[in-house]
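The values are calculated or read from the model by the stated rules, or taken from the named source; none is laboratory data. All values derive from a computational prediction rather than experimental measurement. Cβ coordinates were reconstructed from backbone atoms using ideal geometry, including for glycine residues, and neighbour counts include every protein chain displayed. Accessible surface is based on the protein model in full, side chains and every heavy atom, while ligands, DNA and RNA are left aside. Shrake-Rupley method; radii C 1.70, N 1.55, O 1.52, S 1.80 Å.
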Amino acid sequence: MHKTLTGSLLSLLLLTLTTTSQAQVTTSIQASDIGFGGEIGYRWDSPWGVRAGYLMGDLDVDFDAEDNNGVEGDELEYDSDVDLKNAYLLADWHPWNGIFRVSGGTFLNNSDATVVTRCNADAVIPQLATCEFGNSVYSPTILGEVTTKVDFDTIAPYLGIGWGHRAESGFAVNADLGVIYIGSASVDMSSSGSCNDDAQCREQIEQEEREIEDELDKYRWLPFVQLGVSYNF
């Protein structure tokens with residue numbers, strides 16, 4: 001559904017471009033804090049313009065949890081994979097019909113994050129190895145791999161400012177600075193071990209889900225910074 005909606009928005013913009021003068025069409029290569037991609041835009045001979053683009057990227061981070069119980073070496077290991085995929089459709093208003101613009105629109109946020117948590121603690125007797133998880137400790141057999149999936153709202157409104165040259169032939173530089181409202185996060189944790197059969201362990205997982213969602217609520221507004229090199233036809 002997301003791909004269909006993204007394709008429809010791009011098709012709508014292309015239809016607009018093909019029914020008007022090609023002299024004001026702009027294509028760009030973009031680099032931003034949420035990925036790399038491309039953009040196509042149209043600037044009327046007025047203060048108004050429209051742009052559509054797609055950004056993608058990924059981020060892999062491996063780290064160990066902090067020691068909260070004073071026992072060295074029983075921290076969990078985390079392997080995170082963040083897959084960034086965002087299409088957008090923006091309307092631009094150039095107040096003085098120059099290069100400065102105020103932009104508003106929508107990002108289609110198809111990004112997701114997966115964090116795999118493992119207990120790789122060492123012990124003199126391997127069967128007695130445990131890892132700190134929540135307010136308790138558990139063996140690798142009980143925990144297994146704890147997989148955390150994080151999703152955000154698909155529709156993410158955007159508001160920002162930027163700079164974009166008028167539609168004249170040749171290369172130009174463009175920039176955007178704004179915020180994306182990504183909304184509330186949905187967190188789902190699951191264990192490949194026997195945690196689901198352990199009431200205390202399952203309770204810890206549910207508590208961790210709520211705590212992560214509460215923590216991510218602080219980041220509903222995502223800063224957006226983008227630079228690009230465009231070619232104006």
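At-a-glance table
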quantity: Residue that is nearest to Tyr88 (Cα to Cα), among those in the stretch 32-45 that are assigned to a loop (DSSP other than H, G, I, E, B) and open to solvent by 30 Å² or more (accessible area, probe 1.4 Å); calculated: Asp33
quantity: Tally, over the stretch 172-191, of residues that are at pLDDT 90 or above and open to solvent by 40 Å² or more (accessible area, probe 1.4 Å); calculated: 5
quantity: Residue in the stretch 71-81 that is modelled with the lowest pLDDT, counting only those that are under 28 Å from Phe36 (Cα atoms) and open to solvent by 40 Å² or more (accessible area, probe 1.4 Å); calculated: Tyr78
quantity: In the stretch 46-60, residue farthest from the chain's Cα centre (by Cα) [restricted to those that are small (Gly, Ala, Ser) and crowded, with 19+ Cβ neighbours inside 10 Å]; calculated: Gly49
quantity: Tally of residues being at pLDDT 85 or above, within 23 Å of Asp151 (Cα to Cα) and open to solvent by 30 Å² or more (accessible area, probe 1.4 Å) across the stretch 192-208; calculated: 4
quantity: Enumeration of residues in the stretch 104-138 that are modelled with pLDDT under 85, surrounded by fewer than 19 Cβ atoms within 10 Å (Cβ to Cβ) and of a type in the set (S, T, N, Q); calculated: Asn120, Gln127, Thr130, Asn135, Ser136
quantity: Residue match in the stretch 147-165 (condition: open to solvent by less than 80 Å² (accessible area, probe 1.4 Å), modelled with pLDDT under 90, in contact with a Lys or Arg (Cβ under 7 Å, 6 or more places away or on another chain) and closer than 30 Å to Phe100 by Cα); calculated: yes
quantity: Residues of the stretch 217-233 classified as touching a strand residue (DSSP E or B) at 6+ places or on another chain (Cβ under 7 Å) and open to solvent by 30 Å² or more (accessible area, probe 1.4 Å), total; calculated: 9
